[in-house]
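Novice: A single structure is presented below for examination.
Taken together, the values in this text are just the output of simple stated rules run on the coordinates, not laboratory data. Note that the structure is predicted; figures quoted are calculated from it, not measured. With ideal geometry, Cβ positions are generated from the backbone for all residues, glycine too; neighbour counts draw on all protein chains shown.
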Amino acid sequence: MMKRLYSEIIAEHFRDVRKMLFLMGPRQVGKTTTSREMGQRRTRSAYLNWDNLDHQQLVLEGPARLASQVRADILQEERPLLILDEIHKYPLWRTLLKGLFDTYADSLDILVTGSARLSAFHSSGDSMMGRYFNYRMHPMTVAEIIRPEVGAAPGMRPPQPIDDQPFEAFLRHGGFPEPLTRQNDRFTARWRRLRHQQLFREELRDLTRVQEVAKVETLAQLIWHRAGQLTSYSTLANGIDASIDSVKRWLSILESLYYCFSLRPWYRNVARSLRKEPKHYLWDWSLLDDLGSRYENLLACALLKAAHLWTDHGFGEFGLYFVRDKQKQEVDFLLSRDGLPWMLVEAKHSGNADLSTSLIHHHHQLKKTLALQVALDLPYVDRSCFELTRPTIVPARTFLSQLI
């Protein structure tokens with residue numbers, strides 16, 4: 001079993017904070033495995049999954065019955081841990097958690113895991129705010145493979161090398177733990193097919209009111225083949241014979257299912273910037289056959305994970321964008337920090353490519369922003385990428401090892 005940095009995050013949360021922990025993320029990213037492993041570290045813990053009919057009955061009996069599973073009524077040296085998996089499928093789950101937390105917050109720790117609906121609930125700003133902290137769980141990254149810990153503040157993690165074999169497996173099989181651990185092409189193909197079925201045959205039908213499932217599935221295929229390109233809503237609408245409003249609504253659903261995520265263009269301090277069309281990337285970059293597209297998508301996932309974890313862990317408010325102006329001067333990624341541009345990142349397969357004129361241009365416009373052209377084929381260099389003061393070509397192995 002791969003060690004995940006989220007074990008450290010969960011342990012630190014319950015050591016320092018008396019709030020529920022919501023662990024959100026895609027199916028099969030490791031939420032259940034990590035949660036149960038944390039339970040095994042406690043003297044007393046209980047794991048309940050709404051999909052288990054016996055567990056459902058316990059949930060329906062209410063907060064007191066749940067608390068009894070870890071004997072929260074007994075004074076204990078170590079607080080017990082109650083893990084509730086997929087509880088968001090219960091229609092009254094919010095009321096249940098409010099009552100459970102308000103009554104037993106001093107007696108037990110509560111860990112709630114889930115994917116699509118739990119993520120949508122968090123975004124809605126429900127009145128449960130103040131009772132929990134959320135953490136977004138991502139697939140593995142180079143930094144986590146090397147060193148599964150949160151570590152220092154953003155940009156302060158020293159670089160560390162990764163061997164050729166795990167790096168190539170990571171690029172080929174993706175960052176989801178099971179295919180990355182197996183590193184078998186046939187298994188990865190079967191795993192992808194099963195995950196696709198779960199997303200479009202189960203979660204899409206069960207968690208949404210969408211009737212045109214086939215059209216949403218076709219839309220997902222179009223996004224797959226256009227990953228990293230500007231999203232033209234009219235082109236997508238024509239491709240599936242649907243309205244633009246429907247396409248926008250269905251794309252939002254695909255994002256909530258962790259099939260893809262969108263990046264918006266950064267426009268502050270950029271003259272004649274593009275402000276409308278987003279780009280979409282896949283959570284599983286291994287789906288992409290073209291090596292250049294797969295690498296760019298991998299870099300997008302690594303940067304998004306860094307933005308989410310640094311934000312969730314209290315280092316500031318981080319966001320991920322791209323930059324493009326009306327003269328088509330484009331940089332693949334911009335990472336913001338507390339509302340200000342912090343780092344420009346351009347993805348390139350070859351280290352022999354010239355330094356991007358767009359990277360130089362936007363670095364000049366945004367002034368002190370860090371500007372890196374991250375090349376896939378360059379060998380590791382034992383120097384920090386975050387100490388550079390001018391646009392520079394850097395190895396992907398070095399840069400990715402310094403994220404999270």
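Novice: If we count other beta carbons within 10 Å of each Cβ, what is the order of ASP106, ASP332, fewest first? Display every interim value, and only then the final one.
Specialist: Details: ASP106 8, ASP332 24.
Arranged by neighbour count, lowest to highest, ASP106, ASP332 become ASP106, ASP332.
Novice: Something else now. For segment 196-313, just run the numbers: alpha carbon Rg, then divide by 2.2 N^0.38 Å, N being how many residues it has.
Specialist: Numbers: Rg = 15.0 Å, N = 118, 2.2 N^0.38 = 13.5 Å.
Normalised by 2.2 N^0.38 Å, the Cα Rg of segment 196-313 equals 1.11.
Novice: Calculate one ³J(HN,Hα) per residue across segment 36-44 by plugging θ = phi - 60° into the Karplus curve 6.51 cos²θ - 1.76 cosθ + 1.60, and present them in order as whole Hz with x for glycine and proline.
Specialist: Once θ is set to phi - 60°, the couplings for segment 36-44 become 5, 5, 5, x, 5, 7, 8, 5, 9 Hz.
Novice: Is the shape of segment 1-118 rounded, prolate or oblate, going by the alpha carbon gyration tensor and its root eigenvalues a ≥ b ≥ c, with a/c under 1.5 for rounded and a/b larger than b/c for prolate? Show your work: numbers first, answer last.
Specialist: Details: a/c = 1.56, a/b = 1.07, b/c = 1.47.
Taking the square roots of the gyration eigenvalues as a ≥ b ≥ c, segment 1-118 is oblate.
Novice: Kindly provide log₁₀ I(q)/I(0) values, in the same order as q = 0.13, 0.14 Å⁻¹, from the Debye equation applied to equal alpha-carbon scatterers of the chain.
Specialist: These q points yield log10 I(q)/I(0) values of -1.17, -1.32.
Novice: Which value results when the Cα radius of gyration for segment 275-321 is divided by 2.2 N^0.38 Å?
Specialist: Numbers: Rg = 12.5 Å, N = 47, 2.2 N^0.38 = 9.5 Å.
The value comes to 1.31.
Novice: Using each residue's phi in segment 301-308, evaluate 6.51 cos²θ - 1.76 cosθ + 1.60 at θ = phi - 60° and report the 3J(HN,Hα) Karplus result to the nearest Hz, with x for Gly and Pro.
Specialist: Values per residue, Gly and Pro as x: 5, 5, 5, 5, 4, 4, 4, 5 Hz.
Novice: Over 31 Å between C-alpha atoms is what I'm after, so list which of LYS89/LYS305; LYS305/LYS367; LYS31/LYS328 land there.
Specialist: Going by Cα-Cα distance, LYS31/LYS328 fall outside the 31 Å limit.
Novice: Just rank HIS55, HIS280, fewest to most, by other beta-carbon atoms within 10 angstrom.
Specialist: On the way: HIS55 20, HIS280 24.
Lowest count first: HIS55, HIS280.
Novice: Give the distance, in whole Å, between the Cα centre of segment 287-327 and the Cα centre of segment 162-236.
Specialist: Centre-to-centre distance over Cα atoms comes out at 17 Å.
Novice: Among the lysines, which fall within straight-line cross-link reach of LYS215, defined as a Cα-Cα distance under 16 Å, with same-chain neighbours fewer than 8 residues apart omitted?
Specialist: Straight-distance partners of LYS215: LYS248.
Novice: Could you tell me the distance between the Cα centroids of segment 43-69 and segment 71-108, to the nearest Å?
Specialist: Each part reduced to its Cα centre gives a spacing of 9 Å.
Novice: Using a Cα-Cα cut-off of under 17 Å, which aspartates and glutamates could be cross-linked to LYS326, ignoring same-chain neighbours fewer than 8 residues away?
Specialist: Straight-line reach from LYS326, under 17 Å: GLU277.
Novice: Right, something else. 5 Å is the cut-off here: which amide hydrogens, built 1.01 Å from N in the peptide plane, fall below it relative to ASN134, excluding neighbours closer than 5 in sequence?
Specialist: PHE22
Novice: Report for the chain the percent antiparallel among DSSP-assigned beta bridges with both residues inside it, nearest 5.
Specialist: Numbers: 17 of 48 bridges.
Beta bridges within the chain, antiparallel portion: roughly 35 percent.
Novice: Order of SER243, SER356, SER384 from fewest to most other C-beta atoms within 10 Å?
Specialist: Working: SER243 10, SER356 22, SER384 16.
With the fewest neighbours first, SER243, SER356, SER384 line up as SER243, SER384, SER356.
Novice: Which net charge results for the neighbourhood of ASP338, defined as the other residues with beta-carbon distances under 13 angstrom from its beta-carbon, given Lys and Arg at +1 and Asp and Glu at -1?
Specialist: +1
Novice: Right, next: How far apart, in nanometres, would the label points at THR311 and LEU388 be if each is projected 7 angstrom from Cα along the Cα-to-Cβ direction?
Specialist: 2.6 nm
Novice: Taking θ = phi - 60°, what integer Hz values does the Karplus form 6.51 cos²θ - 1.76 cosθ + 1.60 yield along segment 351-358, in sequence order, with x for Gly and Pro?
Specialist: Per-residue couplings from phi come out as x, 7, 5, 5, 4, 4, 5, 5 Hz.
Novice: Classify segment 286-404: rounded, prolate or oblate, from the alpha-carbon gyration tensor (a ≥ b ≥ c, eigenvalue square roots; a/c under 1.5 rounded; otherwise prolate if a/b is larger than b/c)? Mind showing how you got there, number by number?
Specialist: On the way: a/c = 1.29, a/b = 1.09, b/c = 1.19.
Taking the square roots of the gyration eigenvalues as a ≥ b ≥ c, segment 286-404 is rounded.
Novice: Still on this model: Could you work out the per residue convex hull volume over the alpha carbons of segment 53-162, in cubic angstrom? Don't skip to the answer; put the middle values down first.
Specialist: Details: hull volume 17.8 nm³, N = 110.
Enclosed volume per residue, from the Cα hull, is 162 Å³.
Novice: What is the extension gain from ASP164 to ASP245, computed as 0.36 nm multiplied by their sequence separation minus the C-alpha to C-alpha distance, in nm to one decimal? Write out the running numbers ahead of the final one.
Specialist: Working: separation 81, 0.36 × 81 = 29.16 nm, distance 4.54 nm.
24.6 nm is the gain from fully extending ASP164 to ASP245.
Novice: Sticking with this one: Can you pull a Stokes-Einstein diffusion coefficient for segment 70-114 at 4 °C (1.567 mPa s), Rh from Kirkwood over Cα pairs, as a whole number of µm²/s? List each step's numbers first, then the result.
Specialist: Numbers: Rh = 11.2 Å.
It diffuses with D of about 116 µm²/s by this estimate.
Novice: Work out, step by step, the length gained on full extension between ASP54 and SER350: first 0.36 nm times the residue separation, then minus their alpha carbon distance; give nm to one decimal. Let's see the in-between values first.
Specialist: On the way: separation 296, 0.36 × 296 = 106.56 nm, distance 5.50 nm.
101.1 nm is the gain from fully extending ASP54 to SER350.
Novice: Skipping prolines and chain starts, which residues have an amide H placed within reach, meaning under 5 Å, of the one on PHE318, given they are 5 or more residues away or on another chain?
Specialist: THR311, ASP338
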